[in-house]
1. Out of the GluC sites (Glu not before Pro) in the range 18-95, which ones are loop residues according to DSSP with at most 15 other C-beta atoms within 10 Å?
2. Using a 10 angstrom cutoff on alpha carbons, build the Gaussian network for the chain and name the most mobile of Val84, Val49, Val30.
3. So, for the range 1-86, what is the accessible surface per residue at a probe of 1.4 Å, expressed in square angstrom?
4. Can you tell me what share of the DSSP beta bridges in the range 1-89 is antiparallel? A percent to the nearest 5 is fine.
5. Pick from Leu68, Leu20, Leu34: which is most flexible by mean-square fluctuation in a GNM of the chain where alpha carbon atoms under 10 Å apart are linked?
6. Excluding Val8 itself, calculate the net charge of residues whose Cβ lies under 11 Å from the Cβ of Val8, where each Lys or Arg counts +1 and each Asp or Glu counts -1.
7. Would you mind telling me the share, in percent, of accessible area of the range 48-95 contributed by carbon and sulfur at probe 1.4 angstrom?
8. Taking loop as defined by DSSP and a crowding limit of 12 other beta carbons within 10 Å, which trypsin sites (Lys or Arg not before Pro) in the chain fit?
Amino acid sequence: MLLAFGTVEARFHRRVQVDLDQILRRYRDVSHQLWDDFFAEFHVGVRKVVENPRFFHFDRSGLRRYNLNRFPYHFLYDIRGEYVRIWVLRHDRRN
């Protein structure tokens, strides 16, 4: 998966798409609105990271961490020159 905002891109580890699909499926089963809300918040998070990648704090893994506001999920990323690489999307209680 690849998202671009202006000249900077966000590139995703292949597992992020699998995790995102599973999360969206779970929320869609509850309500389509919840599905929309999660996807929109994830998209906003990716945009914020791409626009200001050094703003967000480091996780104990050494990667930077973005926390979703409404949902108990976060993603970890690093900065790779001209793009941001998102390595994992996970629930806050998942190791």
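1. When the GluC sites (Glu not before Pro) of the range 18-95 are filtered for loop state and at most 15 Cβ neighbours within 10 Å, Glu82 remain.
2. Highest fluctuation among the options: Val30.
3. Dividing the accessible area of the range 1-86 by its residue count gives 60 Å².
4. 80
5. Leu34
6. Residues close to Val8 contribute a combined charge of 0.
7. On the range 48-95, the fraction of accessible area on carbon and sulfur atoms equals 45 percent.
8. Counting only loop positions with at most 12 other Cβ atoms within 10 Å, the trypsin sites (Lys or Arg not before Pro) in the chain are Arg54, Arg60, Arg70, Arg93, Arg94.
The values are calculated or read from the model by the stated rules, or taken from the named source; none is laboratory data. What you see is a predicted model; the values in this text were computed from it and never measured. Backbone-built Cβ (ideal geometry, glycine too); neighbour counts: all protein chains shown. Surface accessibility is based on the protein's heavy atoms, side chains included, excluding ligands, DNA and RNA. Shrake-Rupley method; radii C 1.70, N 1.55, O 1.52, S 1.80 Å.
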